[in-house]
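The values are calculated or read from the model by the stated rules, or taken from the named source; none is laboratory data. Only a predicted model underlies this, so the values are computations on that prediction, with no experimental measurement involved. Glycine gets a Cβ as well: all are built from the backbone with ideal geometry, and neighbour counts include every protein chain shown.
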Amino acid sequence: MSLIEQAAKRLEQLRQAGVELPEESVSTPVISKASPQKNEATPSQAPESARRPPIKETPPEPGPSRPASISPQIVLDLEAISASGLLTPNADRSRLADEFRVVKRPLIANAMGRGTTPVPNGNLIMVTSALPGEGKSFSAINLAISIAMELDNTVMLVDADVARPSVLNMLGLPPAKGLLDVLEANSVDISGVLMRTNIEKLSILPSGTPHPRATELLASETMIALLDDMASRYNDRIIVFDSPPLLLTTEARVLASHMGQVVVVVNAENTSQAAVKQALATIESCPLKMMLLNQVRSSQADTYGYGYGYGYGYGHEK
Ligand SMILES: Nc1ncnc2c1ncn2[C@@H]1O[C@H](COP(=O)(O)OP(=O)(O)O)[C@@H](O)[C@H]1O
Ligand SMILES: [Mg+2]
């Protein structure tokens, strides 16, 4: 069965189970299961810390054109990131890159006000799912890198899954200050903890110093005010939020209600229909939702090396 057929079938099952999928105009792209490349230098049995690529920090370039407060540049080890199965800008044309090209198009159009209707705070894009382990972080990182590869778009990737942060670790970076520090102390400004990276158009806002009331901080008035501030202060940027799951706690729904666009990752094999249904019900009021079917396996795709497919299945002709 092709990926398109698999996706269409899965969506049909969900619909028959009474899951109200987002409007028919919204396509449901598919992300296939990416396999990490074998790399002698990074054996899978090595401890996490040993697998981390080395970090280099370069000081901001001197010169009158740069404001003094600009954050240091973090050098991402793009080879190691690519070997771990994530997308990188210099990777050859790959299935993953092609799939994320499809995912990002409508999101960018809405963020830039080029969609059919204007979207308030359209540049705030939340990536969430029903439960942990469905590929939120994987999708958020790939989406951010994919958008950063565009000529016109600058991206900020925010690790807002404050209870289970993983963005820095997945990118081979050590813990750093970030969102929680900004929320906790009025004296810390985003610009002070934002990391510029060697992917020129990508900056990262880590989740920050662990805090016993992290989830309360995430759903606080301060966070909501911060979101509005970010949407306007960085209105030339697309801000991608890796977020907590919708069904375990309530902060994700609070966040979702302040986002311009919400991407709901559905694990093609493991997410139950009931979970998808419940998760969508929690974000009923969000105007723009996109479902992303993740970890679709395709034997065909493996055979041909590419052979990806897109699930325009719901309400659309292929
Ligand atoms: N499409 C995919 N291909 C390969 N690995 C994936 C894919 N989606 C998720 N993973 C892996 O599955 C694990 C769980 O995904 P993650 O993004 O951390 O989930 P979540 O953030 O929803 O808890 C991670 O190790 C991630 O790299
Ligand atoms: Mg995660």
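State the number of residues belonging to segment 234-254 that are modelled with pLDDT under 95, of a type in the set (A, V, I, L, M) and in contact with a helix residue (DSSP H, G or I) (Cβ under 7 Å, 6 or more places away or on another chain).
0
Kindly indicate the residue of segment 222-278 that is more than 15 Å from Val127 (Cα to Cα) and small (Gly, Ala, Ser) and also farthest from the chain's Cα centre (by Cα) among those meeting that condition.
The extreme case among them is Ala274.
Which numbered condition trips up Asn121, out of (1) surrounded by fewer than 20 Cβ atoms within 10 Å (Cβ to Cβ); (2) over 21 Å from Leu194 (Cα atoms); (3) more than 16 Å from ligand 2 (Cβ to nearest atom)?
Going through (1) surrounded by fewer than 20 Cβ atoms within 10 Å (Cβ to Cβ); (2) over 21 Å from Leu194 (Cα atoms); (3) more than 16 Å from ligand 2 (Cβ to nearest atom) one by one, Asn121 breaks only (2).
Filter the helices (runs of 4 or more DSSP H) completely within segment 125-211 down to those with at least 2 residues that are within 16 Å of ligand 2 (Cβ to nearest atom) and touching a Gly at 6+ places or on another chain (Cβ under 8 Å). Break it down into steps so the answer makes sense when it comes.
Details: elements: 136-148, 167-170, 179-184, 190-193.
Output list reads 179-184.
Just need a number here: residues in segment 263-288 that are polar (S, T, N, Q) and buried (at least 17 other Cβ atoms within 10 Å of the Cβ).
Selection size over segment 263-288: 3.
If you go through segment 135-173 one residue at a time, how many are within 13 Å of ligand 1 (Cβ to nearest atom) and without any contact (Cβ under 8 Å) to a residue 40 or more places away in the chain?
The number of residues fulfilling the criteria is 1.
Residues are listed down the side, and each one gets a yes or a no for (1) within 11 Å of the chain's Cα centre (by Cα); (2) farther than 13 Å from Leu292 by Cβ:
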site	(1), (2)
Ala111	no, yes
Glu134	no, no
Phe138	yes, no
Asp152	no, yes
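Give the number of residues within segment 123-134 that are within 8 Å of ligand 1 (Cβ to nearest atom) and among the hydroxyl-bearing types (Ser, Thr, Tyr).
Here the count works out to 1.
Any chance segment 85-97 includes a residue that's within 15 Å of ligand 2 (Cβ to nearest atom) and either surrounded by 19 or more Cβ atoms within 10 Å (Cβ to Cβ) or free of Cβ contacts under 8 Å to residues at least 12 places away in the same chain (or both)?
Keep residues of segment 85-97 that are within 15 Å of ligand 2 (Cβ to nearest atom), which gives 85-86.
Still in the running and either surrounded by 19 or more Cβ atoms within 10 Å (Cβ to Cβ) or free of Cβ contacts under 8 Å to residues at least 12 places away in the same chain (or both): 86.
Yes, because at least one residue in segment 85-97 is within 15 Å of ligand 2 (Cβ to nearest atom) and either surrounded by 19 or more Cβ atoms within 10 Å (Cβ to Cβ) or free of Cβ contacts under 8 Å to residues at least 12 places away in the same chain (or both).
Restricting segment 224-271 to residues that are part of a helix (DSSP H, G or I) and among the β-branched types (Val, Ile, Thr), which is farthest from Glu134 (Cα to Cα)?
Of segment 224-271, the ones part of a helix (DSSP H, G or I) are 224-233, 251-256.
If we keep only those that are among the β-branched types (Val, Ile, Thr) too, we end up with 224, 254.
Values: Ile224: 26, Val254: 20 Å.
That would be Ile224.
Going by what's in this entry, would Ala109 be described as aliphatic (A, V, I, L, M) and out of contact with any helix residue (DSSP H, G or I) (no Cβ under 7 Å at 6 or more places or on another chain)? Step through it out loud before you land on a result.
Values: aliphatic (A, V, I, L, M): yes; out of contact with any helix residue (DSSP H, G or I) (no Cβ under 7 Å at 6 or more places or on another chain): yes.
Considered against the rule, which asks whether it is aliphatic (A, V, I, L, M) and out of contact with any helix residue (DSSP H, G or I) (no Cβ under 7 Å at 6 or more places or on another chain), Ala109 comes out as yes.
Here are the criteria: (1) in contact with a Leu (Cβ under 9 Å, 6 or more places away or on another chain); (2) farther than 22 Å from Met149 by Cβ; (3) acidic (Asp, Glu). Tell me which single one Asp242 does not satisfy.
Status for Asp242: all satisfied but (2).
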